[in-house]
Amino acid sequence: MSGGLHLSSSVEVWVGAALTLMVFSYLWRDNPFYKLAEHVFVGVSAAYVMVLGFWTTLWPNAIAKLWPGAARLTTPEAVEPTHDWALLLPVILGLLMLGRLHPRTVWLSRWPTAFAIGTSAGYNLVRYLRSDFLAQIHSGMTPSLIATTGGRLALGESLSHAILLGGTICGIVYFTYTRQHRGAWARVAGTGVLFMMVTFGTTFGYTVMARISLLVSRLHFLLGTWLGLI
Amino acid sequence: MTGTEHTAGSSRRATGLATLDRRWIYLALAAAIALSIVARIRFPDTPSPLVQAAYDRVETLPPGASIVMALDYSPSSRPELEPMAFAIARHAMLRGHRLILLSTWDTGNAMIARLCTEVLRREFPERREGEAWVALGYKSGNEMLINAIRQDFDSMYASDMEGRSCADLAVLAGVESLADCTLIVSLSSGTPGLKEWVLFAGDVTGVPVVGGSTGVGTPEFLPYFPRQIRGLLGGLKGAAEYEAALELGHPDFHQRTMAATDGMGPQAVAHSLIVLFIVLGNVGLLLQRRQRRGT
């Protein structure tokens with residue numbers, strides 16, 4: 001412990017500390033300070049995304065390639081990109097999206113929206129089918145009994161695989177609605193519910209850890225960077 | 001104490017616990033964490049198999065291997081993911097690998113800039129920018145960006161964050177697409193993130209993917225280990241374990257900051273307090289039930 005207050009002289013740190021305390025004040029009750037911090041966050045985020053999107057994507061990947069001389073306006077040493085007229089198509093689609101700004105031109109935005117949804121759905125269907133369905137089935141097809149290099153049964157690993165297999169089967173049984181859950185079938189489905197409860201518990205535990213991590217970080221900032229107590 | 005007094009006392013305790021203002025709990029939690037931060041409480045950590053697998057993947061790559069590291073997170077998840085980025089970047093630099101930094105998140109540029117300033121330029125000045133590492137930064141497009149650079153880096157990244165032409169950078173020599181990379185590291189707190197890197201890059205190109213996720217997202221990625229994700233760092237604990245692995249594997253190297261290890265002490269104290277509150281809440285419930293039966 002360094003002992004004593006060593007307040008930061010940085011304006012940036014003071015603004016950060018003030019905004020942190022404003023947000024924390026919501027724990028007491030809703031108040032104007034919290035509202036102010038909330039609005040500042042929303043406004044700054046929107047402006048940041050817009051400006052960054054223009055300078056990192058729209059300018060170098062569209063404007064500079066349609067009008068190569070433009071690249072030198074911002075970075076004189078930059079290599080002049082070659083013309084790429086094919087980019088006119090996405091640029092036009094992007095401009096059509098702005099049709100949403102007026103009720104009479106909303107229909108124009110349906111074309112780029114349809115394009116975006118269609119291509120995303122097509123790409124995602126193939127990828128999800130391959131990685132989330134087929135690859136997961138492959139991963140689940142593991143032998144339940146594992147032997148060590150000495151030929152003995154690797155008890156821990158075998159048990160782990162058996163639980164994985166059992167949990168998968170019980171979970172699938174629970175979500176099988178074409179057969180009524182009765183008798184032994186219901187007991188297997190019930191075990192599936194137990195496995196799911198364990199999963200939800202794990203997720204909740206991880207969530208608690210994540211939230212506490214954020215609190216630890218903010219308090220570390222307030223106590224260390226701002227107040228200089230550590 | 002007579003039987004009536006005893007019942008009245010239990011009743012008051014039960015009612016007190018049931019009506020306890022939640023703000024006392026917030027205050028107790030904040031105080032416990034603040035005290036443990038000031039007291040610098042630390043607990044030793046050992047790498048779990050998930051984290052060890054990620055560490056081994058970086059450790060066993062031949063020097064000069066090109067690693068794509070995607071920092072797909074925002075300031076709100078920085079406390080969990082930045083220590084991972086710092087530890088993995090240090091490890092890559094120590095092992096002589098080439099690091100290509102990019103992001104599919106618009107907030108990624110600031111995260112990359114912090115990594116460059118705090119770790120790469122400050123701790124490894126001999127590993128020069130453009131030769132040992134490059135910050136390509138953010139581009140929009142989400143998973144379509146990953147899809148595009150899977151085929152051709154140049155189509156999306158003509159220059160780095162400083163405006164230098166990628167064609168002139170030695171670090172990118174021989175790297176024309178994601179398939180030319182040796183490892184993909186995705187540190188993510190949402191979509192697009194680790195899942196998209198597995199779906200659109202790792203599973204398609206065969207380039208191994210190692211990931212780090214916030215605590216909230218970690219359970220979602222566990223089924224991908226070990227076939228589709230070769231190593232996984234889950235939340236602050238995962239980051240602390242990686243720092244421990246780096247300490248064990250490279251004892252001569254001093255890690256200037258170990259934010260995750262520092263954060264796990266207060267974390268453990270907070271968890272203990274939460275468990276205590278859960279126990280107290282249940283005791284209160286039992287007392288109330290007994291009270292109801294008594295009346």
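The values are calculated or read from the model by the stated rules, or taken from the named source; none is laboratory data. Since this is a predicted model, take the numbers as computed values, not measurements. Using ideal geometry, Cβ is built from the backbone for each residue, glycine included, and neighbour counts are taken over all protein chains shown. Note: areas computed on protein heavy atoms with side chains; ligands, DNA, RNA excluded. Shrake-Rupley method; radii C 1.70, N 1.55, O 1.52, S 1.80 Å.
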Residue count, region B:71-96, condition touching a residue at least 60 places away in the same chain (Cβ under 8 Å), touching a helix residue (DSSP H, G or I) at 6+ places or on another chain (Cβ under 6 Å) and of a type in the set (Gly, Ala, Ser), comes to 2
**Prompt:** Could we say that A:Val216 is part of a helix (DSSP H, G or I), modelled with pLDDT of 95 or more and under 26 Å from the mean Cα position of the chain (by Cα) here?
**Reply:** yes
By residue number, the members of region A:59-69 that are touching a residue at least 24 places away in the same chain (Cβ under 8 Å) and either among the aromatic types (Phe, Trp, Tyr) or open to solvent by 30 Å² or more (accessible area, probe 1.4 Å) (or both) are A:Leu66
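Report those strands (runs of 3 or more DSSP E) wholly inside region B:177-236 carrying at least 1 residues which are among the polar types (S, T, N, Q). Full working, then the answer.
Numbers: elements: B:183-188, B:209-213, B:231-234.
Strands (runs of 3 or more DSSP E) meeting the threshold: B:183-188, B:209-213.
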Of those in region B:231-257 that are touching a Pro at 6+ places or on another chain (Cβ under 9 Å) and surrounded by fewer than 20 Cβ atoms within 10 Å (Cβ to Cβ), the residue nearest to the other protein chains (Cβ to nearest Cβ) is B:Thr257
Inside region B:160-200, the number of residues satisfying the requirement of being within 10 Å of chain A (Cβ to nearest Cβ), crowded, with 21+ Cβ neighbours inside 10 Å and without any contact (Cβ under 8 Å) to a residue 60 or more places away in the chain is 4
A:Ile163 meets each of (1) within 30 Å of the chain's Cα centre (by Cα); (2) modelled with pLDDT of 95 or more with one exception, condition (2)
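Can you tell me which residue within region B:146-156, out of those that are in contact (Cβ under 8 Å) with a residue 12 or more places away in the chain and at the interface with chain A (Cβ under 9 Å from one of its Cβ atoms), is least open to solvent (accessible area, probe 1.4 Å)? Outline the logic, then answer.
Taking region B:146-156 and keeping what is in contact (Cβ under 8 Å) with a residue 12 or more places away in the chain, we get B:146-147, B:149-154, B:156.
In the following step, the residues that additionally are at the interface with chain A (Cβ under 9 Å from one of its Cβ atoms) were identified as B:147, B:156.
On the way: B:Asn147: 7, B:Met156: 33 Å².
Checked region B:146-156; the qualifying residue least open to solvent (accessible area, probe 1.4 Å) is B:Asn147.
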Looking at this structure, is B:Glu143 assigned by TED's automatic domain parsing to the domain that holds B:Leu236, on the phi < 0 side of the Ramachandran plot and open to solvent by less than 40 Å² (accessible area, probe 1.4 Å)? yes
The helices (runs of 4 or more DSSP H) lying entirely within region A:1-100 that contain at least 2 residues which are at pLDDT 95 or above and either within 13 Å of chain B (Cβ to nearest Cβ) or under 30 Å from B:Ala28 (Cα atoms) (or both) are A:11-24, A:32-53
Considering region A:112-125, residues that are surrounded by 13 or more Cβ atoms within 10 Å (Cβ to Cβ) and within 21 Å of the chain's Cα centre (by Cα), and then whichever is farthest from B:Asp203 (Cα to Cα), we arrive at A:Ala116
Filtering region A:170-211 for residues that are in a loop (DSSP other than H, G, I, E, B) and open to solvent by 50 Å² or more (accessible area, probe 1.4 Å) leaves a count of 7
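Can you find a residue in region B:241-261 that is within 22 Å of B:Glu59 (Cα to Cα) and basic (Lys, Arg)?
Step one: list which residues in region B:241-261 are within 22 Å of B:Glu59 (Cα to Cα), which gives B:241-261.
Subset that is basic (Lys, Arg): B:256.
For region B:241-261, residues within 22 Å of B:Glu59 (Cα to Cα) and basic (Lys, Arg): present.
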Checked region B:201-216 for anything out of contact with any strand residue (DSSP E or B) (no Cβ under 7 Å at 6 or more places or on another chain) and surrounded by fewer than 24 Cβ atoms within 10 Å (Cβ to Cβ); matches are B:Asp203, B:Val204, B:Thr205, B:Gly206, B:Val216
Against the definition (modelled with pLDDT of 95 or more and at positive phi), how does B:Gly211 come out, yes or no?
no
Out of (1) closer than 30 Å to B:Met264 by Cα; (2) at pLDDT 90 or above; (3) surrounded by 13 or more Cβ atoms within 10 Å (Cβ to Cβ), the one A:Glu157 does not meet is (2)
Taking region A:21-70 and keeping residues under 22 Å from the mean Cα position of the chain (by Cα) and of a type in the set (D, E, K, R) leaves A:Glu38
If we keep only residues of region B:61-76 that are under 18 Å from B:Thr191 (Cβ atoms) and open to solvent by 10 Å² or more (accessible area, probe 1.4 Å), then the residue nearest to the other protein chains (Cβ to nearest Cβ) is B:Ser76
Within region A:132-145, does at least one residue satisfy the condition of being among the β-branched types (Val, Ile, Thr), over 30 Å from B:Ala240 (Cα atoms), open to solvent by less than 50 Å² (accessible area, probe 1.4 Å) and away from chain B (no Cβ under 14 Å)? no
